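A quick write-up on the structure given underneath.
The values are calculated or read from the model by the stated rules, or taken from the named source; none is laboratory data. Given the structure is predicted, the values throughout are model-derived calculations rather than measurements. Cβ: placed from backbone, ideal geometry, glycine included. Neighbour counts: every protein chain shown.
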Amino acid sequence: MSERIRVGVFGSDGKVGQAIVDAVEAADDLEFTVGVDKGDNRSALVESGTQVVVDFTHPSVVMDNLEFLVGNGIHAVVGTTGFDDERLAQVRSWLEASPGTGVLIAPNFAIGAVLSMRFAAAAARFYDSVEVIELHHPHKADAPSGTAYRTARMIAEARAEAGSKPMPDATSEELDGARGADVDGVRVHSVRVAGLVAHQEVLLGTQGETLTIRHDSIDRTSFAPGVLLGVREIGSRPGLTVGLDDLLDL
Ligand SMILES: NC(=O)C1=CN([C@@H]2O[C@H](COP(=O)(O)OP(=O)(O)OC[C@H]3O[C@@H](n4cnc5c(N)ncnc54)[C@H](OP(=O)(O)O)[C@@H]3O)[C@@H](O)[C@H]2O)C=CC1
Ligand SMILES: O=C(O)C1=N[C@H](C(=O)O)C[C@H](O)C1
């Protein structure tokens, strides 16, 4: 049997981090090394010979964690959100100085969420209107969600490629925020309600019909299979990979 991959977790006491530690410990081909949460000494990741670190922390600390990991030649699988083009460019420039290292950043590791983003992008050109509604637990720091941001950008790109017309919208008087955020011309609405985990609907409409594409994560274990796939693959994918799509051959 080949050697087990040595895996650490940033944010190991957090809601998703705990589910990932459990999943790594349950996998025969992986070995859990170190969990690092707020205030812990992260040098233990280097001293323990950790090969891959999974990060589920907070948008305000993830860049610092990534600079540390890439600087130490440790591969990273990142679920933490808050990545825009500027942040991605920064990660690419760190990776240029560490050419053997791989970083995977995915706004959603649930397989159904990845598929639903693809379905939405594929459907977008057939409809006059497309809006995104994301619904989450009220402890979430960022709005819109990373998933909704990426979904909206994929929809906008697909519509631009197809030469779609601007979406119809007669709104001329508006209370601030009533029409949601504008992400590349696609409206995104963020709902925060106790009891929810992570949910998203893409609403598409044209003459006489609507199509709703909905995904629900009803438990945080939904993110674990995608994360473990990333952990197993990232060592053979140097550089930056964004989204799980390539790893799923989509
Ligand atoms: N890509 C995906 O599939 C998914 C992404 N996410 C994203 O993952 C992130 C975390 O989500 P969630 O688990 O719900 O959040 P939690 O707040 O439950 O967990 C984050 C953990 O990270 C800790 N932390 C804060 N700063 C550091 C640091 N510098 N080093 C190590 N640990 C730190 C926090 O500690 P403390 O509480 O003391 O601050 C907390 O224990 C969010 O950005 C969320 O959007 C979530 C689900 C799925
Ligand atoms: O904070 C969360 O919970 C989630 N965050 C990710 C996002 O912002 O898209 C993924 C999922 O929606 C859960």
Looking only at residues in segment 66-84 that are touching a strand residue (DSSP E or B) at 6+ places or on another chain (Cβ under 6 Å) and more than 12 Å from Gly102 (Cα to Cα), which one is nearest to ligand 2 (Cβ to nearest atom)?
Thr80
Looking only at segment 144-163, filter to residues that are away from ligand 2 (no atom under 12 Å from the Cβ) and among the hydrophobic types (A, V, I, L, M, F, W, C); which one of those is farthest from Val16 (Cα to Cα)?
Ala162
Given the residues Val78, Val46, Val61, which is the only one that is modelled with pLDDT of 95 or more, under 24 Å from Ala148 (Cα atoms), surrounded by fewer than 22 Cβ atoms within 10 Å (Cβ to Cβ) and β-branched (Val, Ile, Thr)?
Val61
For segment 90-103, does any single residue satisfy the condition of being more than 15 Å from Gly239 (Cα to Cα) and either surrounded by fewer than 16 Cβ atoms within 10 Å (Cβ to Cβ) or not aromatic (Phe, Trp, Tyr) (or both)?
no
For the structure I just gave you, tell me whether Leu95 is out of contact with any Asp or Glu (no Cβ under 8 Å at 6 or more places or on another chain), over 30 Å from Val202 (Cα atoms) and of a type outside the set (Asp, Glu).
yes
Need pairs with beta-carbon distance below 6 Å; first residue under 14 Å from Ala198 (Cα atoms) and within segment 107-123, second in a loop (DSSP other than H, G, I, E, B); sequence gap 6+ or separate chains.
Pro107/Thr81; Phe109/Gly79; Val114/Leu244
Checked against (1) in contact with a strand residue (DSSP E or B) (Cβ under 9 Å, 6 or more places away or on another chain); (2) in contact (Cβ under 8 Å) with a residue 60 or more places away in the chain, Gln207 satisfies every condition except (1)
Mind checking which helices (runs of 4 or more DSSP H) fall wholly inside segment 1-89 and carry at least 3 residues that are small (Gly, Ala, Ser)?
15-26
How about segment 128-143: which of its residues are more than 8 Å from ligand 2 (Cβ to nearest atom) and crowded, with 19+ Cβ neighbours inside 10 Å?
Val130, Glu131, Val132, Ile133, Leu135
Would segment 160-175 turn up any residue that is closer than 19 Å to Asp84 by Cβ and either at pLDDT 95 or above or touching a Lys or Arg at 6+ places or on another chain (Cβ under 9 Å) (or both)?
yes
Options Thr241, Thr221, Thr171, Thr210: the member that is among the β-branched types (Val, Ile, Thr) and within 16 Å of Ala120 (Cα to Cα)
Thr210
Name the single residue, out of those in segment 176-204 being away from ligand 2 (no atom under 16 Å from the Cβ) and without any contact (Cβ under 8 Å) to a residue 40 or more places away in the chain, that is nearest to Glu157 (Cα to Cα).
Asp184
Is it true that some residue in segment 145-162 is in a loop (DSSP other than H, G, I, E, B) and loosely packed, with under 15 Cβ neighbours inside 10 Å?
no
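Conditions (1) among the acidic types (Asp, Glu); (2) out of contact with any helix residue (DSSP H, G or I) (no Cβ under 9 Å at 6 or more places or on another chain); (3) closer than 14 Å to Gly230 by Cβ; (4) in contact (Cβ under 8 Å) with a residue 60 or more places away in the chain, marked per residue:
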residue	(1), (2), (3), (4)
Glu25	yes, yes, no, no
Leu30	no, no, yes, yes
Arg42	no, no, no, no
Val52	no, no, yes, yes
His58	no, yes, no, yes
Glu67	yes, no, no, no
Val70	no, no, no, no
Among the residues of segment 188-215, which ones are surrounded by 14 or more Cβ atoms within 10 Å (Cβ to Cβ), touching a Ser or Thr at 6+ places or on another chain (Cβ under 9 Å) and part of a strand (DSSP E or B)?
Val188, Ser190, Ala198, His199, Gln200, Glu201, Val202, Leu203, Leu204, Gly205, Ile213, His215
